[in-house]
């Protein structure tokens, strides 16, 4: 029997021992995301013969992540299948990328049904693209940055430190009121995860930045490494009254992320048309599709994150 444990900030080193060495770049493996959203997904973890195992509930359905690590993957998958059956649930893997689908298929050919959900695909960018905005394809973005600099020549960018957390929280509250988040499905969960991350910023190992205009906060952003070459940008909020604040915080943060990170993962668009358009406008190098893989022999309701 697998002994699963609750995820909390104290297990960061254990989790990242696996995730930072993994070639997987999906945002679900960020320690901050795992920890900040566990209130919703009841996420737990276990170590088993060289693998990190992640178990959680999505849309009321028990699901697992693909085992992370090195060893006998076939044995790890069978251990998870047995765990699901002990729970009286069908077996499904959530958030697996196309390469992982091929891996699962090679071990258990013809036994899984794979379903993609475009709304939960991650957007991967070259950090150098977002930090330089070089070339014709980024001309419009450079124009936004140059206009912002002309309009607000005394703007300031600085890292998020403990004494600056409260102003980020205040801006998020203002943003929420301006965007009527209480009327939108899912924003309450996003706020809870965001506030948890901000109030446990150092424990989670987050890095972030604040943009100020005329001494007042105009935007903030934060994230953390997903693996050794990919940095996840988890949150970006700006005062929408300040034209170009989103473009500027994006640009500044990309310039302050260490160059060891080749890729930036700016997460999903959740099927929101405006958000999808904005993410595509930054020219991702890959839209990282993620799949749900369920054993064909077992009836499963449609699952959503």
Wrap a convex hull around the Cα atoms of the range 122-288, take a quarter of its surface area, and give that in square nanometres.
-> 9.6 nm²
Express the relative contact order of the range 26-108 as a whole percentage, based on alpha carbon pairs under 8 Å and six or more residues apart in sequence.
-> 22 percent
In whole Å, what three semi-axes, largest first, describe the equivalent ellipsoid of the range 1-134 built from its Cα gyration tensor (square root of 5 times each eigenvalue)?
-> 25, 19, 15
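For the pair residue 158 and residue 89, what calculated FRET efficiency results from E = 1/(1 + (r/R0)^6), where r is the Cβ-Cβ distance and R0 = 51 Å, to the nearest 0.05?
Numbers: r = 47 Å, r/R0 = 0.93.
Efficiency, from the Cβ-Cβ distance: 0.60.
Where does the chain land at 222 nm, in deg cm²/dmol rounded to the nearest 500, when only DSSP H runs of n ≥ 4 count, each adding -39500 (n - 2.57), divided by all residues?
Details: 12 runs with 113 residues, N = 305.
-10500 deg cm²/dmol, from helical runs alone.
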Distance from a point 7 Å along Cα→Cβ of residue 147 to each backbone N in the range 269-297: keep the residues under 20 Å and list them by number.
-> 274-283
Principal axis dimensions, largest first and in whole angstrom, of the range 208-305 by Cα = 61, 32, 21
Fraction in percent of alpha-carbon pairs per bin - 5 Å, the range 103-154 = 4, 14, 13, 12, 12, 10, 7, 7, 8, 6, 4, 3, 0
Whole-Å distance, taken between Cα centres, linking the range 202-231 and the range 1-79 | 24 Å
What's the angle, to the nearest 10 degrees (0 to 90), between helix 139-151's Cα axis and the longest principal axis of the chain?
-> 50 degrees
What spacing in nm lies between the two simple spin-label points modelled at residue 132 and residue 113, each 7 Å away from Cα in the Cβ direction?
-> 4.7 nm
Using only the Cα atoms of the range 42-84, each taken as one equal point scatterer with no solvent, compute I(q) by the Debye sum, divide by I(0), and report log10 of the ratio at q = 0.16, 0.23, 0.24 Å⁻¹.
-> -0.37, -0.73, -0.78
Expressed as a rounded percentage, what relative contact order does the chain have, with Cα pairs under 8 Å and six or more residues apart?
-> 29 percent
The Cα extents of the range 1-74 along the principal axes, largest first and rounded to whole Å, are 30, 25, 22
Return, for the Cα atoms of the range 166-250, the radius of gyration and Dmax in Å, separated by a comma.
-> 13.2, 39
Alpha-carbon Rg with Dmax, taken over the chain, Å = 20.1, 63
Roughly how tilted is helix 245-256, in degrees to the nearest 10 and between 0 and 90, from the longest Cα axis of the chain?
-> 70 degrees
Relative contact order [Cα under 8 Å, 6+ residues apart], the range 122-288, whole percent = 37 percent
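Rank by packing, highest mean first: peptides 104-110, 162-168, 67-73, 90-96, with packing defined as the count of other Cβ atoms within 10 Å averaged across residues.
Details: 104-110: 12.6, 162-168: 14.6, 67-73: 17.6, 90-96: 23.1.
Peptide ranking by packing, descending: 90-96, 67-73, 162-168, 104-110.
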Evaluated at 25 °C and 0.890 mPa s, the Stokes-Einstein D of the range 122-200 based on the Kirkwood radius over Cα pairs, in µm²/s, stands at 155 µm²/s
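No value in this document is a laboratory result; all are computed from the given coordinates. Being a predicted model, the structure only gives us computed values, none of them experimental. Note: ideal-geometry Cβ built from the backbone for every residue, glycine included; neighbour counts use all protein chains shown.
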